[in-house]
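S.K.: Below you will find the structure I want to go over with you.
Just so it is clear, none of the values below were taken in a lab; they were calculated from the coordinates. Fair warning: this is a prediction, and the values are worked out from it, not measured in the lab. Because the Cβ atoms are built from the backbone with ideal geometry, glycine has one as well, and the counts that use them run over all protein chains shown.
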């Protein structure tokens, strides 16, 4: 997670409130929508981040955009966030909140990179292996990268397990460079 410490504190406060209310997932869903809107809609982002726009007008606009489908907790949080002029932290807060929810639900994301699409049974076995290793539910995302030539790269949080042919060839090249020929 690359969010600022301030964003992390806001996310922790919101998470604590959502957990106490038993609304963790009901809070995450509208936050994800808001985050996606802020990333994808430049004009909405500009409006939302404009310090000259009244905070209540910002929340009113979000009410209209979300068709008031968000929970009172999220609405109150957004009112507070805009009132203290911290709207620029929203994307970092959403990311930090997602991480807290993942920890709470004991799940982790893994990226599987391979040169070719893996068979469904191979992915299922890999998922089961990772879940045993991590002790958490693993959510897989598969990426194709022909430059790997073969094998796999598995990325879980900040760890990389590289079993690709590309890495093996690179290691072999490095070893050969160290060998002196007399």
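S.K.: Need the C-alpha centroid separation for the stretch 105-139 versus the stretch 30-44, integer Å.
M.R.: 29 Å
S.K.: Take the Cβ-Cβ distance between residue 75 and residue 105 as r, set R0 to 25 Å, and report the resulting FRET efficiency rounded to the nearest 0.05.
M.R.: Between residue 75 and residue 105 the formula returns 0.55.
S.K.: Output the direction-averaged projected area (hull surface divided by four) of the convex hull of the alpha-carbon atoms of the chain, in nm².
M.R.: Convex hull of Cα atoms, orientation-averaged projection: 15.2 nm².
S.K.: Based solely on its DSSP helices, what 222 nm [θ] is calculated for the chain when runs of n ≥ 4 H residues each add -39,500 (n - 2.57) and the sum is averaged over all residues, nearest 500 deg cm²/dmol?
M.R.: Here the helix-only value at 222 nm equals -19000 deg cm²/dmol.
S.K.: Could you check which residue among 75, 43, 113 shows the biggest mean-square fluctuation in a GNM of the chain with a 10 Å Cα cutoff?
M.R.: 43
S.K.: Now for a different question. Compute the semi-axes of the equivalent ellipsoid of the stretch 106-178, taking the square root of 5 times each eigenvalue of the Cα gyration tensor, and list them largest first in whole Å.
M.R.: 25, 14, 9
S.K.: At a threshold of 8 angstrom on Cα-Cα distance, excluding pairs fewer than six apart, so keeping six or more, what relative contact order does the stretch 36-182 reach in percent?
M.R.: Relative contact order of the stretch 36-182: 18 percent.
S.K.: Here's something else I'd like to know. Choose one answer from 47, 77, 15: the residue with the largest mean-square fluctuation in a GNM of the chain with alpha-carbon springs under 10 Å.
M.R.: Largest GNM mean-square fluctuation: 47.
S.K.: Sequence gap at least 6, Cα distance under 8 Å: using those rules, report the relative contact order of the stretch 106-178 to the nearest whole percent.
M.R.: So the answer I get is 38 percent.
S.K.: Using a Gaussian network for the chain with springs between C-alpha atoms less than 10 Å apart, which of these wobbles most: 108, 74, 165?
M.R.: Taking springs between Cα atoms under 10 Å, the residue moving most is 165.
S.K.: For the modelled label position 7 Å from the Cα of residue 131 along Cα-to-Cβ, which residues of the stretch 73-109 have backbone nitrogen atoms closer than 16 Å?
M.R.: 105-109
S.K.: A further question on this structure: Can you order the peptides 153-161, 54-62 by their average number of other Cβ atoms within 10 Å per residue, highest first?
M.R.: Highest to lowest by the protection proxy: 54-62, 153-161.
S.K.: Determine the percent antiparallel among the DSSP beta bridges restricted to the stretch 106-178, to the nearest 5.
M.R.: Taking every DSSP beta bridge with both residues in the stretch 106-178, the antiparallel ones total about 55 percent.
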